[in-house]
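> Please see the structure below; I have some questions.
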Amino acid sequence: MGVTKLPELEIEYCTQCRWLLRAAWMAQELLTTFESDIGRVSLVPGTGGIFEVRLNGELLFSRKAQGRFPESKELKQLVRDRIDPGRDLGHSDRK
């Protein structure tokens, strides 16, 4: 009997830009919302202005591509859409 592996999130942040706190806060927000739906959130030190969020290796958000940082609500919606599309996120779903 196989164990279903829960999705894994990765937040790669730029150490040169000192974005660890921002990455850690995002990780906390995502873990609070998806605590029983996510197997792990990893913080990955990077350089060169990187701030990327990946779910099982799939790029969900890139600061460079978008020209900005993600909103917490936006990231929650992106994760939800992939792991549990029917789920209501409460206040994070309201405009």
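The values are calculated or read from the model by the stated rules, or taken from the named source; none is laboratory data. Model, not experiment: these values are computed from the prediction. No Cβ is skipped: glycine too gets one built from the backbone with ideal geometry, and neighbour counts run over all protein chains shown.
> Determine which member of the set V44, V53, V79 is in contact with a helix residue (DSSP H, G or I) (Cβ under 9 Å, 6 or more places away or on another chain), surrounded by fewer than 16 Cβ atoms within 10 Å (Cβ to Cβ) and β-branched (V, I, T).
One residue alone meets the criteria, V44.
> Inside the range 5-39, can you point out the residues that are under 12 Å from the mean Cα position of the chain (by Cα) and within 16 Å of D84 (Cβ to Cβ)?
Once the filter is applied, which keeps residues that are under 12 Å from the mean Cα position of the chain (by Cα) and within 16 Å of D84 (Cβ to Cβ), the range 5-39 yields P7, E8, L9, L30, L31, T32, T33, F34, I38.
> When both residues are 6+ apart or on different chains and their Cβ atoms are under 9 Å apart, which pairs have a first residue that lies in the range 22-46 and is within 15 Å of E71 (Cα to Cα), and a second that is in a strand (DSSP E or B) and of a type in the set (D, E)?
These pairs meet every condition: A23/E12.
> Being over 15 Å from R80 (Cβ atoms), surrounded by fewer than 12 Cβ atoms within 10 Å (Cβ to Cβ) and of a type outside the set (S, T, Y) is the requirement here; does A65 meet it?
yes
> Quickly run through the range 27-75 and pick out the residues that are under 21 Å from L6 (Cα atoms), in contact with a Lys or Arg (Cβ under 8 Å, 6 or more places away or on another chain) and either part of a strand (DSSP E or B) or basic (K, R) (or both).
Selection gives E52, L55, E58, L60.
> Now for a separate question. Among the residues of the range 79-87, are any closer than 14 Å to E12 by Cα and at pLDDT 95 or above?
No, the conditions are met nowhere in the range 79-87.
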